[in-house]
1. Along the stretch 266-274, what does the Karplus equation 6.51 cos²θ - 1.76 cosθ + 1.60 (θ = phi - 60°) give for ³J(HN,Hα), rounded to whole Hz, x for Gly and Pro?
2. Considering only DSSP beta bridges with both partners in the chain, what is the antiparallel share in %, to the nearest 5?
3. Using only the alpha carbons of the stretch 211-268, determine the length spanned along each of the three principal axes and report them from longest to shortest in whole angstroms.
4. Arrange the peptides 243-253, 257-267, 189-199, 49-59 so that the one whose residues have, on average, the most other Cβ atoms within 10 Å appears first.
5. Calculate the FRET efficiency for K282 and D252 from the Cβ-Cβ distance with a Förster distance of 45 Å, rounded to the nearest 0.05.
6. Measure nothing but the geometry: give the 0 to 90° angle between the long axis through the Cα atoms of 170-180 and the longest principal axis through the Cα atoms of the chain, rounded to 10°.
7. Which one, T210, T16, G233, projects farthest toward the positive side of the charge dipole computed for the chain from Cβ point charges (K/R +1, D/E -1)?
8. Which one, I51, A27, P97, is farthest towards the positive end of the dipole of the stretch 1-97 when Lys and Arg carry +1 and Asp and Glu -1 on their Cβ?
Amino acid sequence: MTNFEIVSREDFSDVTYLLEIRHPMMAKAAKPGQFVIVMLNEQGERIPLTIADFDREKGTITLVIQAVGKTTRQMQHECLVGTSLYALVGPMGVPSPISHAKKVLCVGGGLGVAPIFPQARGHKENGAYVIGVVGFRNKDLVFWDEKFRACCDELIICTDDGSLGIKGLVTAGILQAIEKHPDIDEVVAIGPPIMMKGCADTTRPFKIKTMVSLNPLMVDGTGMCGGCRVKIGDQVKFACVDGPDFDGHQVDFDDLMLRLRRYTKKERKALDHWENKCRLKKDVEVSIESANLG
Ligand code: FAD
Ligand code: FES
Ligand code: MG
């Protein structure tokens, strides 16, 4: 048995995959809302990923990852069952404050669907009436619906193309839930910044407390580099140590989105470089194979 061994893997779609990793101490310590910093190999960059689930008895944590760039694609390629991650640090961040709200709406879209799960379960364990709203592009990309149904009193699925549930964005699901339950005490939303902005804008007129989990660029995850600076009202906070959860009605989402685009050119270059290397490796393997056959 090696450290940080991948004990199971599930591919939900071409871009979304789940890794279950052995780490008994992390599984014991993890709380909803926390994240880890992962390094695939010694030369690899550090990337933050939310602990989407943990199993204290098995001693494992679960990450659900969207392959969006070089590191997440390389992990998709190389993180097979039986292999290990080079480094896994955490749990990091302030655990999500699981309040004593009586009725909670948990909203997840895109890469936020998995991270909203431990929050929904946490609220359910606290005795709340939990309504889940999860959003996907189409029905083929839906995952964990059974897991959500097990901890939600109601589940609203939204798809962009209407192939399952409500046709439209998660904000349509939020409005439907608020119409049926005008007594919702709290909304928790996780997903891409533009989605969380939309959720906060939707709940603002109803004055419902809305917590979001921010995903700025992170490097060390310990409050030292300043990379994860976010503007919350008139204050500057570091999402890795002060968050990642904040009051969505106070977040400057435009600043967050601008900062997330700072290294787009370098990220593109890193991805192209890695893809070229993969292509060359494949070509060499094919020519060796045909030489051997010949
Ligand atoms: P790149 O091409 O390098 O980057 C693609 C985009 O990802 C960038 O434009 C930028 O917006 C973002 N990004 C790049 N580097 C970082 C970084 N070091 N930190 C944060 N964002 C970055 N993704 C998941 O799929 N599942 C999760 O559970 C998850 N949880 C997260 C929790 C937190 C607290 C944060 C801050 C981010 C989380 N992310 C999660 C986002 C994930 O870290 C990025 O998608 C990943 O770092 C992209 O790396 P890349 O090399 O594949 O892509
Ligand atoms: Fe460096 Fe937060 S990631 S300060
Ligand atoms: Mg990267």
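Bear in mind that the values in this text are calculations on the coordinates, not laboratory data. Only a predicted model underlies this, so the values are computations on that prediction, with no experimental measurement involved. When we count neighbours, we look across all protein chains shown, and the Cβ atoms used for this are built from the backbone with ideal geometry, even at glycine.
1. Once rounded to whole Hz, the list reads 5, 5, 4, 5, 4, 5, 4, 4, 5.
2. 55 percent
3. If we take the Cα atoms of the stretch 211-268, the spans are 32, 24, 17 Å.
4. 189-199, 243-253, 49-59, 257-267
5. Values: r = 44 Å, r/R0 = 0.99.
Calculated value: 0.50.
6. Helix 170-180 sits at roughly 30 degrees to that axis.
7. G233
8. Ranked along the dipole, the leading option is P97.
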